[in-house]
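Okay, so here's the structure we're looking at.
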Number of protein chains: 4
Amino acid sequence: MRPKILVGEQHIVKVRDLEIGNPGKPIIMAGPCSVESREQIFQTAKAVKAAGAHILRGGVFKPRTSPYAFQGMGKEGLLLMREAADAVDMPIVTELMDESNLDLVYKYADIIQIGSRNMFNYSLLKVVGELDKPILLKRGMSATIQEWILAAEYIAASGNKDVILCERGIRTFDTYTRNTLDLAAVPILKMETGLPVIVDPSHGTGIRELVEPMSKAAMACGADGLMIEVHIDPDNALCDGPQSLTPEQFGKLVQAIK
Amino acid sequence: MRPKILVGEQHIVKVRDLEIGNPGKPIIMAGPCSVESREQIFQTAKAVKAAGAHILRGGVFKPRTSPYAFQGMGKEGLLLMREAADAVDMPIVTELMDESNLDLVYKYADIIQIGSRNMFNYSLLKVVGELDKPILLKRGMSATIQEWILAAEYIAASGNKDVILCERGIRTFDTYTRNTLDLAAVPILKMETGLPVIVDPSHGTGIRELVEPMSKAAMACGADGLMIEVHIDPDNALCDGPQSLTPEQFGKLVQAIK
Amino acid sequence: MRPKILVGEQHIVKVRDLEIGNPGKPIIMAGPCSVESREQIFQTAKAVKAAGAHILRGGVFKPRTSPYAFQGMGKEGLLLMREAADAVDMPIVTELMDESNLDLVYKYADIIQIGSRNMFNYSLLKVVGELDKPILLKRGMSATIQEWILAAEYIAASGNKDVILCERGIRTFDTYTRNTLDLAAVPILKMETGLPVIVDPSHGTGIRELVEPMSKAAMACGADGLMIEVHIDPDNALCDGPQSLTPEQFGKLVQAIK
Amino acid sequence: MRPKILVGEQHIVKVRDLEIGNPGKPIIMAGPCSVESREQIFQTAKAVKAAGAHILRGGVFKPRTSPYAFQGMGKEGLLLMREAADAVDMPIVTELMDESNLDLVYKYADIIQIGSRNMFNYSLLKVVGELDKPILLKRGMSATIQEWILAAEYIAASGNKDVILCERGIRTFDTYTRNTLDLAAVPILKMETGLPVIVDPSHGTGIRELVEPMSKAAMACGADGLMIEVHIDPDNALCDGPQSLTPEQFGKLVQAIK
């Protein structure tokens, strides 16, 4: 099973005046796991922009393992995030969980994220394949590289070639880290598809102290960008606190990358 | 993260006059991977009924790894399958891939299957949680048992406790079998949730010769039923031929189980 | 890479008057994880014999993850185990960890076990391949079935065809059980090698309550025997207490298997 | 289970005038999978020395999956390798498979390698723990980081603290690469043990084209060195040809690292 459309030619995805996939110009997406409040997202947007982030990330529709866990702020969160990003003139990326929120997410987001749990959701891939906005496709937690490429091909086959691939770790036997970050996927995907590849070391390790070394490693093997979780108060974050950087730590990371 | 609703009390799911989860009375679901033609599904329905199957299985909306692979017959296939099952007076189980086909599948299917690739699709789980028909929830290919139970809890938390769990193998390093059938999940799920648990040794191994021994093993450790792929001409099946039994082989399996 | 010697012909391994690999006559090996004291091993030997076990198992040289954990009673434990087994007229199986104890283990054991951690220790496999006593070869925790067969072939290629294969679970992402018991390996190994295959549901699950259902499943898919951990006082066992049965529970298991 | 001796203090391992673990001064080990002939090892030694390698690697006792595969040149190979290394004034690292060759390997090697298949061979770890030469401990193919650290602790607890850890990829479900290189292990091991950590991207990926990007990534996240397979004629190598660099490719890699 080979892709027909995504076959190794270099492809740059444009978001406003940003170019994702331009060698030597890494794009950094940063922000909280979840939008939690007006104050939190405005402060975060301002801080990550000042530190050098290019795109604001944040979840408003959250796929959580337990039905009793915080499920995200929904539309209200999306509007807050849009407002906060506009205040500092940043594009935003946020996850679309299902078709029912398609119009909403399409209207307010600049990049639409398909999360790990939906990478095999071919119906959703076909739907976003009909859009004219870039799609950030996270790797499924146990997806082979071949399956991941073919998931991207589903999007391309529906008409949308603006796919950004995001390595975020795979599931293995080890329990020290939350996931096992598979950085070899970066050069493989560049060879096989030509698509921009970014790395999420926050989910990929689950451990704050590992975010900087793994960000450097990602850059060194050819990643086109990073997705980093940043929270103004990680100890009180509603989700993913242990893997979130403070704005100050994030600032140091951006400097280290440059 | 603990379930609140699904907490270990024995629960029987009723489908017409069948009881799924009744100790000592295993329920056998059988049929092709995909509905391929009127002749194929009518012949199969007749054959599996004669051999002792209780429920006809068959896919019409197929989640395939490649966008260029056969994607199923869709509505036409569903109507054919319904007709074939009615001709031999059997209930049917078929997969729902997304909300767009909900009304259709709800109307014609007796049990609605959520496939492995959608086990983490919490939006879809909430949607089928509002239905008054039984849901067959396959284990995600890399879902922990805990995550699987909580996926079932999503359905229950939306109002539908009629969930049947189906072990179909997990993804491991070994390549001899298509998946690694995790039979210990059967007694664990019975202890933890009380829900009916069935086993799919066809996907769980991917190898025809292993279907009978693993069916026996599933029964021996307490499974409430089996889901078996049967094809009238496995060598020419549009999908999953190598793991499909002929009707004759299936007949021998049913006898062996009894 | 194919085996040349172990190629599917049915092979029965004889230990005194026992035949391992004789269809319909399962052999049960039972005993403690570790020999801990004279009283413990004598009581256990008597109890498992009375309950129907055929062979006494017990570790005296223990491969432990930490260098600071109990490493087994060594020679003293082996002599105690031999004495206890003789008192009830049972053969014994115990693990050989390295060549330095070869003469000792060869002298006192009836079956020599190669543990999971040594399945890839080809030097040791060659050494035991030169012996005229049966070898019980446990599957490596991440060994493919193919690699396991070739490990057995190492033993056979050195001259010893009396190999008993023991499935004891593989390492996967799931954390509910200690290992994932891969029962499909049983019929595969019978087809591929013809060697006797036994199953260790104690290590294979790590959970006492799962030992009986998984023992039944093992029998149902064609296993030639079982290896079960039994301890007279599991709560105070020096290792593997949570997966050990009491003699009473073991007695019920033996009855259930028959 | 915590280590007692290896607890995070920075430790440098000295081999002749080389310091392994000195920040900013990466050590490069290079050479063939196997010593195959006098000409091959002499040419290779000369070439890798010229390209900038510090230590010559090469296998003479080879743990192979099949008993019928090439098992290494043994003592003859070791003597050739020693001679070739002396001709260009390099230390050598080679694998010790078992105690029977201990004196030989101790006499001729500068660093003694314990391979992946023997990481759990605690008897062998204790034996090399009594030596006064550095030990290169490769990660077991399914060893958790915690188990790996405790394996190193076995060596240290026997008296030898000069352990170099080598990440060489772990076994996962993906089949694109030979193993999944777990680079997050590098900063984790540096934090937890203070030991030098090197990376083997040749085994870690199994694909020649990935050796350079993953070498750069290893350096970027803090590795103290690399182990690289180099062969003068990869297409005719007796093992691991597809992952071996030519001397010319290796020269480019060394430049890229600097």
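The values are calculated or read from the model by the stated rules, or taken from the named source; none is laboratory data. The model shown is predicted, which means the values in this text are computed figures rather than measured ones. As a convention, Cβ positions derive from the backbone with ideal geometry for all residues, glycine included, and neighbour counts pool all protein chains shown. In case anyone asks, the SASA skips ligands and DNA or RNA and just uses the protein heavy atoms, side chains included. Shrake-Rupley method; radii C 1.70, N 1.55, O 1.52, S 1.80 Å.
Would you mind giving the mean number of other chain beta-carbons within 10 Å of the Cβ of each residue in A:60-70, as a whole number?
Values: counts 0, 2, 1, 4, 4, 11, 13, 17, 8, 2, 0.
The shielding value for this peptide is 6.
Just the number, please: carbon plus sulfur as a percent of the accessible area of chain C, 1.4 Å probe, no ligands or DNA/RNA counted. Write down the numbers at each step before the final one.
Details: 4060 of 8580 Å².
Of all accessible area on chain C, carbon and sulfur atoms account for 47 percent.
Excluding residue D:240 itself, what net charge comes from residues whose Cβ is under 14 Å from its Cβ, given Lys and Arg +1 and Asp and Glu -1?
Numbers: positive: D:57, D:62, D:64, D:168, D:178, D:208; negative: D:36, D:95, D:200, D:229, D:233, D:235.
Once all neighbours under 14 Å are counted, the net charge is 0.
Using the Cα centre as the reference, give the magnitude of the dipole from point charges on the C-beta atoms of the protein assembly as shown (Lys, Arg: +1; Asp, Glu: -1; all else neutral), rounded to the nearest 20 debye. Each step should come with its number before you reach the end.
Numbers: 112 positive and 128 negative charges, 1 e Å.
Using only the charged Cβ atoms, the result is roughly 0 debye.
Take the Cα coordinates of the stretch B:108-258, assign each an equal point scatterer, and use the Debye formula without solvent to give log10 I(q)/I(0) at q = 0.20 Å⁻¹.
-1.25
What 222 nm value per residue comes from the helices of the protein assembly as shown, counting each DSSP H run with n ≥ 4 as -39,500 (n - 2.57) and dividing by all residues, nearest 500 deg cm²/dmol? Before the final figure, lay out each step's value.
Values: 36 runs with 368 residues, N = 1032.
The per-residue figure over the protein assembly as shown is -10500 deg cm²/dmol.
Collect residues whose amide H, placed 1.01 Å from N in the peptide plane, falls under 5 Å from the amide H of residue B:164; neighbours closer than 5 in sequence don't count.
B:135, B:136, B:137
Could you give me the ³J(HN,Hα) list for the stretch B:89-96, computed from phi with Karplus coefficients 6.51, -1.76, 1.60 and θ = phi - 60°, whole Hz, x at Gly and Pro?
Going residue by residue, I get 6, 10, x, 10, 10, 8, 7, 9 Hz, with x marking Gly and Pro.
How would you classify the stretch B:1-126 from its alpha-carbon gyration tensor, with a ≥ b ≥ c the square roots of the eigenvalues: rounded for a/c under 1.5, else prolate if a/b is greater than b/c, otherwise oblate? Before the final figure, lay out the partial values.
Values: a/c = 2.06, a/b = 1.13, b/c = 1.82.
Because a/c hits 1.5 or more and a/b fails to exceed b/c, the stretch B:1-126 counts as oblate.
Could you sort B:173, C:250 by accessible area so the largest value comes first, with the probe set to 1.4 Å? Could you put the intermediate results ahead of the total?
On the way: B:173 25, C:250 0 Å².
Sorted descending by solvent-accessible area, the residues read B:173, C:250.
Given +1 on the Cβ of Lys and Arg, -1 on the Cβ of Asp and Glu, and no further charges, what dipole in debye does chain C carry about its Cα centre, rounded to the nearest 20? Before the final figure, lay out the partial values.
Working: 28 positive and 32 negative charges, 59 e Å.
The dipole magnitude comes to about 280 debye.
Translational D (Stokes-Einstein, µm²/s) of chain B at 25 °C and 0.890 mPa s when Rh comes from the Kirkwood sum over C-alpha pairs? Provide the component values of the computation, followed by the final result.
Numbers: Rh = 17.9 Å.
Stokes-Einstein gives a translational diffusion coefficient of 137 µm²/s.
For the charge dipole of chain C, defined by +1 on Lys and Arg C-beta atoms and -1 on Asp and Glu C-beta atoms about the Cα centroid, which residue among C:152, C:33, C:92 has the Cα displaced farthest towards the positive pole?
C:152
Pull up all non-local amide H partners of residue D:228: gap of 5 or more, or a different chain, and H-to-H distance under 5 Å with H placed in the peptide plane.
For residue D:228, whose amide H was placed from the backbone, the distant partners under 5 Å are D:29, D:30, D:31.
Could you tell me whether the stretch C:61-108 comes out rounded, prolate or oblate from its Cα gyration tensor? Rule is a ≥ b ≥ c as square roots of the eigenvalues, rounded for a/c under 1.5, then prolate if a/b exceeds b/c, otherwise oblate.
Prolate.
Considering chain C as a Gaussian network with a 10 Å cut-off on Cα pairs, which listed residue, C:100, C:244, C:123, attains the greatest mean-square fluctuation?
Evaluated over chain C, the most mobile residue of the options is C:100.
In debye, nearest 20, what is the charge dipole magnitude of the stretch B:47-101 about its Cα centre with +1 on Lys and Arg Cβ and -1 on Asp and Glu Cβ, if you could check?
Values: 6 positive and 7 negative charges, 42 e Å.
Computed about the Cα centre, the dipole is about 200 debye.
What percent antiparallel are the DSSP beta bridges of the protein assembly as shown, to the nearest 5?
Numbers: 16 of 120 bridges.
In the protein assembly as shown, approximately 15 percent of DSSP beta bridges are antiparallel ones.
Could you derive backbone 3J(HN,Hα) for the stretch B:122-134 from the dihedral phi with the Karplus parameters 6.51, -1.76 and 1.60 (θ = phi - 60°), listing whole Hz in sequence and x where the residue is Gly or Pro?
Working through the residues one at a time gives 5, 4, 5, 4, 5, 5, 6, x, 9, 8, 10, 10, x Hz.
Hey, what D do you get for the stretch D:95-163 in µm²/s if you plug the Kirkwood alpha-carbon radius into Stokes-Einstein at 10 °C and 1.306 mPa s?
Reported coefficient: 136 µm²/s.
Return the sequence-ordered ³J(HN,Hα) values of the stretch B:170-177 in whole Hz as given by the Karplus equation 6.51 cos²θ - 1.76 cosθ + 1.60 applied to θ = phi - 60°, using x for Gly and Pro.
10, 8, 9, 6, 6, 10, 5, 9
Classify the protein assembly as shown from the C-alpha gyration tensor, please: rounded if a/c falls under 1.5, else prolate or oblate depending on whether a/b exceeds b/c. Display every interim value, and only then the final one.
Numbers: a/c = 1.72, a/b = 1.06, b/c = 1.62.
Note, shape of the protein assembly as shown comes out oblate.
In whole Å, what are the extents of the stretch A:47-180 along the principal axes defined by its C-alpha atoms, from largest to smallest?
Cα spread of the stretch A:47-180 along its principal axes, largest to smallest: 41, 39, 33 Å.
Might you work out the accessible area of residue C:36 for me, using a 1.4 Å probe with all protein chains in place, and round it to the nearest 10 Å²?
For residue C:36, solvent-accessible area is about 40 Å².
Show me you know the interface measure: the accessible area buried between A and B, both chains summed, probe 1.4 Å, in Å² to the nearest 100.
Values: alone 11220 and 11240 Å², together 19760 Å².
The summed interface area works out to 2700 Å².
With the other protein chains left in place, how much accessible area per residue, in square angstrom, belongs to the protein assembly as shown at a 1.4 angstrom probe?
On the way: 34320 Å² over 1032 residues.
Each residue of the protein assembly as shown exposes 33 Å² on average to a 1.4 Å probe.
How would you order B:87-97, C:178-188, B:19-29 from highest to lowest mean count of nearby Cβ atoms within 10 Å?
Values: B:87-97: 20.5, C:178-188: 25.5, B:19-29: 17.9.
Put in order of decreasing packing, that is C:178-188, B:87-97, B:19-29.
Per residue of A:149-158, what is the mean number of Cβ atoms on other protein chains within 10 angstrom of that residue's Cβ? Present the calculation step by step, with values, prior to reporting the outcome.
On the way: counts 2, 6, 3, 1, 4, 5, 1, 1, 3, 1.
Going residue by residue through A:149-158 and averaging, the value is 3.
Two decimals is fine: what is log10 I(q)/I(0) at q = 0.17, 0.23, 0.26, 0.32 Å⁻¹ for the stretch B:146-198, from a Debye sum with one equal scatterer on every Cα and no solvent?
Log10 of I(q)/I(0), two decimals: -0.57, -0.88, -1.02, -1.28.
Report, as an integer, the average count of C-beta atoms from other chains found within 10 Å of each Cβ along C:219-226.
Numbers: counts 3, 10, 12, 4, 2, 0, 0, 0.
Averaged over the peptide's residues, the number is 4.
Using the reciprocal of the averaged 1/r over all distinct C-alpha pairs, how large is the Kirkwood radius of the stretch B:173-255 in Å? All intermediate terms of the calculation are to be shown ahead of the outcome.
Values: mean 1/r = 0.0754 Å⁻¹.
In the stretch B:173-255 this quantity evaluates to 13.3 Å.
Show log10 I(q)/I(0) for the stretch B:1-49 at q = 0.25 Å⁻¹, two decimals, from a solvent-free Debye sum over equal Cα scatterers.
With no solvent term, the Cα-only Debye profile gives -0.96.
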